[in-house]
1. Taking H as built 1.01 Å from N, whose amide H comes closer than 5 Å to the amide H of residue 44, not counting residues under 5 places away?
2. What FRET efficiency, computed as 1/(1 + (r/R0)^6) with R0 = 51 Å and r the Cβ-Cβ distance, is obtained for residue 162 and residue 66, rounded to the nearest 0.05?
3. For the stretch 46-72 and the stretch 216-248, what is the separation of their Cα centres, given in Å?
4. At 1.4 Å probe radius, can you tell me the per residue accessible area of the stretch 31-181 in Å²?
5. On the first, second and third principal axes, largest extent first, how far apart are the outermost C-alpha atoms of the stretch 41-96 in Å?
6. Largest first, please: the extent of the C-alpha atoms of the chain along each principal axis, to the nearest Å.
7. Please compute the length gained on full extension between residue 28 and residue 153, using 0.36 nm multiplied by the number of residues separating them and subtracting their Cα-Cα distance.
8. Could you work out [θ]222 nm for the chain from helices alone, using -39500 (n - 2.57) per DSSP H run of at least four and dividing by all its residues? Round to the nearest 500 deg cm²/dmol.
Amino acid sequence: MNGDVTYTIGELARRTGLTVKTVRFYSDQGIVSPADRNPAGHRRYGADAVARLELVRTLRELGLGLPAIRRVVERELTPAEVAAAQAEAIDLRIRVLRLRRAVLGAVARLGSTPEELTLVHRLARLTEDERGRLIEEFLAGVFGGIGGDERFSAVARSLTPQLPEDPSVEQVEAWVELAQLAGDAGFRALLRGLAQAEAAESVIAEARAGTGLPRPGLAVAVRELAGAAVAAGVDPGSAEAAAVVTELVERYGQWCAGAVPGDAGALRDRLAERLGAMADPRRERYLELLAVVNQWASPESWAAEVDWAVRAVA
């Protein structure tokens, strides 16, 4: 050995902080080879074995497997190449863990059954194309064939979620719940009924106005009239509320005259039906989830105004 210092397997283990068993394993795998053997046949390792084992320990702590470690120590891969590959693997692992965390969070929050757990997991794992098709089918079911202008196409675009490539846990959870809403046939029917009513009333109102321009919708009137009543603390069953309802019914009648057969009572019943659909909490929840997924500002809630109008008109 020309006077070079050598170490027994036990001495090498102490210098590197590894166990004798671990050093022997790496030696048997050819990751670190003995420089010589003593007369008794015991392995002796050179000083380079210490540096090599320290590198191996570092690579193992970074999560590399034995094949990759072998390529590094044999200089088939540079540390930079290993770091880049490992960083990519960690990023992938983080995305998987986020997905699992989101699924578990959604299940815990929504109180899912075993069947719903499977659905939640499937929704979370959809590809970008699959997510797009799911939403396209949902929006086509809501707006397809309604109206002949760009109005509802623009509304459909504004209701389209775009989950980013690297979403947060909150965005994945919101997407899962939103996708469940999109798959709810009752919710789809509710929105389609609202869109159909809005389209029919718009045609009548615009024809009466003779301008061809969109008119303010029922939602605008509710926010204006009921919003003022809510702010003033008006009781929905009071005489003051009755005056607000009269104004609301009159405006609604101007928009949909001819679409509602019968007397003023029928008009008020139609208005109550429209308001009841607008008050469905799923509609506002969809908008809240959409804002989370798309990283938009939280939508302004007008549930209080609609609820007031529902109780006042009923």
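1. Residues meeting the amide H criterion: 35, 36, 37, 38.
2. FRET efficiency, residue 162 to residue 66: 0.75.
3. A separation of 74 Å, based on Cα centres.
4. I get 60 Å² per residue for this part.
5. 50, 19, 15
6. 114, 40, 33
7. Numbers: separation 125, 0.36 × 125 = 45.00 nm, distance 6.79 nm.
So the chain would gain 38.2 nm between residue 28 and residue 153.
8. Per the formula, -21500 deg cm²/dmol.
The values are calculated or read from the model by the stated rules, or taken from the named source; none is laboratory data. Given the structure is predicted, the values throughout are model-derived calculations rather than measurements. We place every Cβ from the backbone using ideal geometry, glycine too, and count neighbours over all the protein chains shown. Each accessible area value is taken on the protein alone, full model and side chains, heavy atoms only, with ligands, DNA and RNA left out. Shrake-Rupley method; radii C 1.70, N 1.55, O 1.52, S 1.80 Å.
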